[in-house]
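Step one of this worksheet: look at the structure below.
The values are calculated or read from the model by the stated rules, or taken from the named source; none is laboratory data. Please read these numbers as outputs of a predicted model, since none were measured by experiment. Using ideal geometry, Cβ is built from the backbone for each residue, glycine included, and neighbour counts are taken over all protein chains shown. SASA here: full protein model, heavy atoms, side chains in, ligands and nucleic acids out. Shrake-Rupley method; radii C 1.70, N 1.55, O 1.52, S 1.80 Å.
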There are 4 protein chains.
Amino acid sequence: MSKEKKSARAFASDNWAGVHPDVLTALAEANSGHAPSYGNDAWTARAVERVSALVGKDCDVFFLFSGTAANVLGLQSMVRPHQAVICAETAHIHTSECGAPEKHTGSKLIPIPSPDGKIFSGDITSQLGYLGNEHHVQPKAVSITQSTEYGTVYSLDEIKRIADVTHRNGMYLHMDGARIFNAAVSLGCSLEETTRAVGVDVLSFGGTKNGLIAGEALVFFNREFAKDFEFRRMQGMQLSSKMRFIAAQFIALLSDDLWKKNAGHANRMAAMLKDGMCGFPGVTITQAVQSNSVFAILPADVIPVLQKDFAFHVWNQPKSEARLVTSFDTEASDVTRFCSLLASTIGVKGTA
Amino acid sequence: MSKEKKSARAFASDNWAGVHPDVLTALAEANSGHAPSYGNDAWTARAVERVSALVGKDCDVFFLFSGTAANVLGLQSMVRPHQAVICAETAHIHTSECGAPEKHTGSKLIPIPSPDGKIFSGDITSQLGYLGNEHHVQPKAVSITQSTEYGTVYSLDEIKRIADVTHRNGMYLHMDGARIFNAAVSLGCSLEETTRAVGVDVLSFGGTKNGLIAGEALVFFNREFAKDFEFRRMQGMQLSSKMRFIAAQFIALLSDDLWKKNAGHANRMAAMLKDGMCGFPGVTITQAVQSNSVFAILPADVIPVLQKDFAFHVWNQPKSEARLVTSFDTEASDVTRFCSLLASTIGVKGTA
Amino acid sequence: MSKEKKSARAFASDNWAGVHPDVLTALAEANSGHAPSYGNDAWTARAVERVSALVGKDCDVFFLFSGTAANVLGLQSMVRPHQAVICAETAHIHTSECGAPEKHTGSKLIPIPSPDGKIFSGDITSQLGYLGNEHHVQPKAVSITQSTEYGTVYSLDEIKRIADVTHRNGMYLHMDGARIFNAAVSLGCSLEETTRAVGVDVLSFGGTKNGLIAGEALVFFNREFAKDFEFRRMQGMQLSSKMRFIAAQFIALLSDDLWKKNAGHANRMAAMLKDGMCGFPGVTITQAVQSNSVFAILPADVIPVLQKDFAFHVWNQPKSEARLVTSFDTEASDVTRFCSLLASTIGVKGTA
Amino acid sequence: MSKEKKSARAFASDNWAGVHPDVLTALAEANSGHAPSYGNDAWTARAVERVSALVGKDCDVFFLFSGTAANVLGLQSMVRPHQAVICAETAHIHTSECGAPEKHTGSKLIPIPSPDGKIFSGDITSQLGYLGNEHHVQPKAVSITQSTEYGTVYSLDEIKRIADVTHRNGMYLHMDGARIFNAAVSLGCSLEETTRAVGVDVLSFGGTKNGLIAGEALVFFNREFAKDFEFRRMQGMQLSSKMRFIAAQFIALLSDDLWKKNAGHANRMAAMLKDGMCGFPGVTITQAVQSNSVFAILPADVIPVLQKDFAFHVWNQPKSEARLVTSFDTEASDVTRFCSLLASTIGVKGTA
């Protein structure tokens, strides 16, 4: 996608969406005079409180610029270089961060084959055969993505079982929550129920994909790992000098259930999109639609026709599988226009 | 400064200032529908053009979140781990980035004693005695800060001489331009004259300290170093997914001479502050005031009185030396109030 | 194998063997007075010549302590951190170096499933789908092991095809030659035919497993990668101060065809072992025996009986698969004693 | 010294010396049949006992190839990347390891000016001004070299005071003992008195410079830092597969007081050399001669004449300062020949 063009509204990714208006308003309100830099300001304190109130007390919260950084610096807090991180083969940390975890932590990732973006407790134990053997990296963290890179959502029980086996083997659980809000809404659970209550030790808590400009947090439920994190953040080039402007975005998102409205809307749009796509000849929905994306095999010659009007990614070229992502600002009319175009394109073909 | 409080307007740092209103307006304007992520959008293209137009054509421009990252990833592009970076002992990369350059590049910094934040061409040649000796790191880059951490400004000739000796010895010149705008205004030069024209190879081009929320750029005049930089940026956890919102900030700053107005105002406020502080008993201005900061020795018992109303840093506790920084939003009345308080505090003492 | 005991002669690994007597003699001869340190001595010069004479002129040769270091520092010369190394899932660099490649190069390994320790040219092209995409690491090197970790040996044509696809795609070929002598003897080829002539760019040239105390070399056929290697070796903690004693070992090994005698003997012992094990009920040879190891499934209850007299590794516990390695000092009587014990143990069971 | 030639016996460095005959004999004796690899052998167990017996019980001992590795991996065990190591500006880790500490630990070194190779407790406290400030690296280890790079030797009291201030400030003490034997002999103390008893936490215990081929140990008196060290050693490319041959060298060195004889002899030769050089016009001994080296200013035109017969390093070219190092195999006749040549060269000049 080297020469992408702007599109009114697309299904390319939830990071093609802009910013929720309430977030912009919050930025303007935070722009009042001087404030201490590097997070020693009132907005940051308030945002930390707001996050804690939602995910569960007794945690440490740090704001960062980037979701990749949340994952990488979170994992760096959990493992030493000779230790390893077990994750799904489909995990963003493994496939899409240009090797940042390895570069920054010095550690190895151990990817587990996964058809639907999830791993299971049994996958984990099968990787523990070389514990104590100096020739082999030593698994010390497990990282799962919620909701997954395939739009699927772990049930609370699935995570509990992962957390159990992880902790029983002296390891710790990281959750990449780039789309944690979509997952919580999908499960009908609070953020605390979705994270701390099921055994997560360290959480990448992502705001950008749910309507912020750029704002991520790292939440340590296991506070041992938060020790010295302010230094890792600075050395990790993720300390915002005017941090109040990240904090203000989070305050807006976590006020008046905005996070829930945004994520819930995106999820509903995905469900609507899936329903609208079903039943056409040559169209197969390939993953359970549980959050804000739809993966579907489409007829190969239909894809370029659709892409003239709607940007989206072909996830798997040989399979002709597309990924369609909805966001807080997707409109029902976007979905119906897309489905109409799909219908007419396939129909035209059908009658040709 | 562990328990800093918000202050209406302070002299603590130019990153205590907020955002220029035009920048906020630009953010709102950029928030129109969907746009390709990761910099493949129209705003980013326009911002790159704007930067190039000001610093000189035939360069490569990349936007980043953080100034530390601009320095670190810039240097990582210039040196391999066995090579070294010569810089002033006072350089931000050496003193204030929590070891990020060493951690990320694997390289050593070679700090040169500097009373005023500058280094000179002779300092550089004296570090080249071990070229070719495998036991010693090999200097390959020189990094200077313009304006310096002490508010001083290199003359164009000083930089040219540094660039000459740097290039003659097979090395390359990095400029940490966290306050490049203040320097250019101070010199009465264009940005191109201040950077590319005097031999800079790689420039950290800082927006945050001149009125942005958070926005930095890395400019490669030596385009060899830009090769593969998109990967280093991603792996360096500095690729903004909604990059249009960094780009829009830069477009505002680089339009209608806003950069010049902001930096010029800050510089004038520093000059006014210096003038207002001169002549009091026990007050010594310790550095040439050439950009937007004033370094001054103040009577030790006066400092806490001033800090009740005005946040600022004690730079050197044993010397009782303070650093006062002005910014785009410093008002003349801030300066006069500060100087009045200084006068009355010292005066009260004087008559006591 | 936490409480291993000394055994007269074992099949545990070729690094359980001692040192060839000629190598000890060479050490004593090199111990004459003072010599320049760090490789500036006459032995090192002669050893470099000897290596070059055997693997092909116009190369750069460096001596190191460890085979892992040869692999890691060789790869570090070939890739930058955002680039990746394609290798077999069974490769020593991937399975048995405790993550040293990732820690030191900052790069990711891309392992390819391999039942017999080899990869094929088609495996490589399938990993090139994301070239140019900044979210993904960029394959830049391919690493193969010759002979492989499973005792199999690539044919010259197989390597040529790998080298072709590697070079055609702008990548470079590394060969882990920890057992390169066994491979060359197995192929009936010269060392040059086995390495440089088939397209290898960088070769880890291992002496330790063929009768040295500790001595490895790194050979750069692509001399671009040798640039600055003396610094990488020093920074990589692999510069021997009394290097003449590594060099002297290599001179002995590469004189009078000692390398060929040692490796040829080990290979013959493996063939003899395989022949002696065939045909017993419950015994299955699982890999082609092409160099100096035999992989075989053995009856599970037989293994502990054999291990009372002969140390060897159970490679795959669930499959009851053992690895038996021969070395330069394995004696025919070791093989016949082992096979007799195998026979009697299985026989006893058979008649029980 | 790019084209160094072999010399019968030189004063260039103690690593120009060969191997003590007892060490070669021990190697031959260890070459008996097979032994478990990677240190699971009887020689390694015995060598560990021998080291412990001499430096003090209740420690963990690991053998390595290289002294640089002992320093680097020792420090890596003590500090995380955002922490720093305080050392003398003259320390080998700072000047002569090609940046290996920074590359491998990710940490910064904080060098302290030192005219004689030593640092003092007051130097350390002056570096602690930024503890707790996230912008600054956090000193966590102090590293001293005993005997120093200038041949001087810390008194026990000097080290105790360093250890006290180090520990009182929550830091730990590393000793680079590349020449620890020379120091112990110089002090007339046991190895335990010289290391553990004065508060050393981690000791690089160097054998190579005292008559081994290549053999170093890392000793953890603070056993917390030894946790997982077997993985750091493997990942650090310093695990010898045939470790018995490093162990056997140490057994020889630590038997029958060989270490004391070797180091004592070297120290006596240095004292004799100093005495022989004193009093000549233009010759100034610049450092206290307390172990096995002599630093001296020599007339600039005399140096090349001497170097025709005796290799040695000009340490400081502008000062015309030479370093002369003695070793276990220096003979009294080497010293007298050198002093005669010095006399005649200066004399010839004097009468010219």
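Structure notes:
- Scan of segment A:111-149 for residues that are surrounded by fewer than 17 Cβ atoms within 10 Å (Cβ to Cβ) and of a type in the set (A, V, I, L, M, F, W, C), ordered by number: A:Phe120, A:Leu128, A:Leu131
- Every residue from segment D:304-320 that is open to solvent by 10 Å² or more (accessible area, probe 1.4 Å) and not polar (S, T, N, Q): D:Pro304, D:Val305, D:Lys308, D:Asp309, D:Ala311, D:His313, D:Val314, D:Trp315, D:Pro318, D:Lys319
- Only one of the numbered conditions (1) on the phi < 0 side of the Ramachandran plot; (2) in contact with an Asp or Glu (Cβ under 9 Å, 6 or more places away or on another chain) is not met by A:Ala217, and that is (2).
- Verdict on D:Ser204 being open to solvent by 10 Å² or more (accessible area, probe 1.4 Å), within 27 Å of C:Ile213 (Cβ to Cβ) and either aromatic (Phe, Trp, Tyr) or more than 14 Å from chain A (Cβ to nearest Cβ) (or both): no
- Look at (1) within 14 Å of chain A (Cβ to nearest Cβ); (2) touching a residue at least 60 places away in the same chain (Cβ under 8 Å); (3) of a type in the set (D, E, K, R) and you find that D:Glu134 fails only one, number (2).
- Matching residues, segment D:82-108, being within 13 Å of chain A (Cβ to nearest Cβ) and under 24 Å from D:Val165 (Cβ atoms): D:His82, D:Gln83, D:Ala84, D:Thr105, D:Ser107, D:Lys108
- The residues of segment D:49-66 that are farther than 20 Å from D:Leu27 by Cα and surrounded by 24 or more Cβ atoms within 10 Å (Cβ to Cβ) amount to a single one, D:Val55.
- Scoring C:Ser255 on the criteria (1) outside any helix (DSSP H, G or I); (2) open to solvent by 10 Å² or more (accessible area, probe 1.4 Å); (3) within 14 Å of another protein chain (Cβ to nearest Cβ) leaves a single failure, condition (3).
- Check on C:Asn71, within 14 Å of chain B (Cβ to nearest Cβ) and touching an Asp or Glu at 6+ places or on another chain (Cβ under 6 Å): no
- Among the residues making up segment C:151-191, those that are in contact (Cβ under 8 Å) with a residue 40 or more places away in the chain, in contact with a strand residue (DSSP E or B) (Cβ under 6 Å, 6 or more places away or on another chain) and closer than 23 Å to C:Ala12 by Cα are C:Gly151, C:Asp176, C:Ala178.
- D:Pro21 meets the conditions (1) more than 14 Å from chain A (Cβ to nearest Cβ); (2) in contact with a Gly (Cβ under 7 Å, 6 or more places away or on another chain) in every case but one. The failed one is (2).
- For segment C:270-285, a tally of residues being open to solvent by 40 Å² or more (accessible area, probe 1.4 Å) and among the β-branched types (Val, Ile, Thr) returns 2.
- Segment C:273-301 - residue that is in contact (Cβ under 8 Å) with a residue 12 or more places away in the chain and farther than 21 Å from C:Glu149 by Cα and, of those, nearest to the chain's Cα centre (by Cα): C:Gly276
- The residue that is farthest from the other protein chains (Cβ to nearest Cβ), among those in segment C:34-43 that are among the small types (Gly, Ala, Ser) and open to solvent by less than 30 Å² (accessible area, probe 1.4 Å), is C:Gly39.
- Of all residues in segment D:150-177, those satisfying the criterion of being in contact with an Asp or Glu (Cβ under 8 Å, 6 or more places away or on another chain) and open to solvent by less than 50 Å² (accessible area, probe 1.4 Å) are D:Tyr150, D:Thr152, D:Leu156, D:Leu173, D:His174.
- All conditions in (1) free of Cβ contacts under 8 Å to residues at least 60 places away in the same chain; (2) under 27 Å from A:His20 (Cα atoms); (3) within 20 Å of the chain's Cα centre (by Cα) hold for A:Thr330, with the sole exception of (1).
- Yes/no for A:Arg46 being surrounded by fewer than 24 Cβ atoms within 10 Å (Cβ to Cβ), within 7 Å of another protein chain (Cβ to nearest Cβ) and more than 20 Å from the chain's Cα centre (by Cα): no
- Boolean, C:Thr330 is within 18 Å of C:Val153 (Cβ to Cβ), modelled with pLDDT of 95 or more and open to solvent by less than 70 Å² (accessible area, probe 1.4 Å): no
- Qualifying residues in segment C:209-230 (those that are open to solvent by less than 10 Å² (accessible area, probe 1.4 Å) and not aliphatic (A, V, I, L, M)) - the one nearest to B:Gln83 (Cα to Cα): C:Phe229
- Evaluated against (1) under 28 Å from A:Phe245 (Cβ atoms); (2) outside any loop (DSSP other than H, G, I, E, B), B:Glu149 falls short on exactly one condition, (2).
- Against the list (1) among the charged types (D, E, K, R); (2) within 13 Å of chain A (Cβ to nearest Cβ); (3) within 21 Å of C:Tyr38 (Cβ to Cβ), the condition D:Glu216 fails is (2).
- Pairing each residue of segment C:215-230 that is closer than 19 Å to C:Met171 by Cα with any residue that is surrounded by fewer than 16 Cβ atoms within 10 Å (Cβ to Cβ), provided the two are 6+ apart or on different chains, yields C-beta distances under 8 Å for C:Phe221/C:Asp58; C:Arg223/C:Asp58.
- When B:Arg233, B:Arg244 are checked against the criterion of being within 14 Å of chain C (Cβ to nearest Cβ), charged (D, E, K, R), touching a residue at least 24 places away in the same chain (Cβ under 8 Å) and open to solvent by less than 20 Å² (accessible area, probe 1.4 Å), B:Arg233 stands alone in meeting it.
- From B:Lys260, B:Lys209, B:Lys227, B:Lys242, residue being over 27 Å from A:Tyr38 (Cα atoms) and modelled with pLDDT of 95 or more: B:Lys227
- Applying the criterion of being more than 7 Å from chain B (Cβ to nearest Cβ) and of a type in the set (A, V, I, L, M) to the residues of segment A:24-33, the residue that is farthest from the chain's Cα centre (by Cα) is A:Ala30.
- Hits in segment A:82-96 - residues which are surrounded by fewer than 24 Cβ atoms within 10 Å (Cβ to Cβ) and under 16 Å from A:Glu149 (Cβ atoms): A:Glu89, A:Thr90, A:His92, A:His94, A:Thr95, A:Ser96
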